[in-house]
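One structure below.
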Amino acid sequence: MQSSMTDATIYKAFGRTVAARRRVLDLTQMELAARSGLSRASIASIENGRQSVLLHHVYELTSALKMEKVADLLPPQPKSDGGNMLISDETVTASGKAQIEDLVASALARRAAKAST
């Protein structure tokens, strides 16, 4: 089964979660680095989705961010919906989602009409 999430998307989502939790705890990147055993530069790169994260670092970040489960840091796994396009509600407004769906439906209808002629 092929995932619709790219590696970059996964790491960016993970980084956003780390950054958001760090802010909730009112920690600086330097403070989180000290708590997790990572460098401040690594924390910045992780938060920006530019750095791959080793499994043991995920556990260290979970502990440093006072989270109960490692899974709380992980982005949700994409779900298959029968081949339909998935649009994240996190990054697209309802209006934008409707416009995208209309554009896709229109393009598919044009393709079907062209194929039948």
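Each value in this text was obtained by applying a stated rule to the coordinates, not by laboratory testing. All figures in this text were calculated on a predicted structure; none of them were measured in a lab. So basically every Cβ, Gly included, is an ideal-geometry build from the backbone, and we count neighbours across all protein chains shown.
Values for this structure:
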item	result
Label-point gap, in nm, between Glu68 and Arg111 - each point 7 angstrom along Cα→Cβ	4.4 nm
Net charge over other residues, Cβ less than 11 angstrom from the Cβ of Ala64 (K, R count +1; D, E count -1)	+2
Three-way shape call for segment 7-73 based on the alpha-carbon gyration tensor, with the a/c threshold at 1.5	rounded
Amide H within-cut-off set for Gly49, under 5 Å, with H built and near neighbours excluded	Gly15
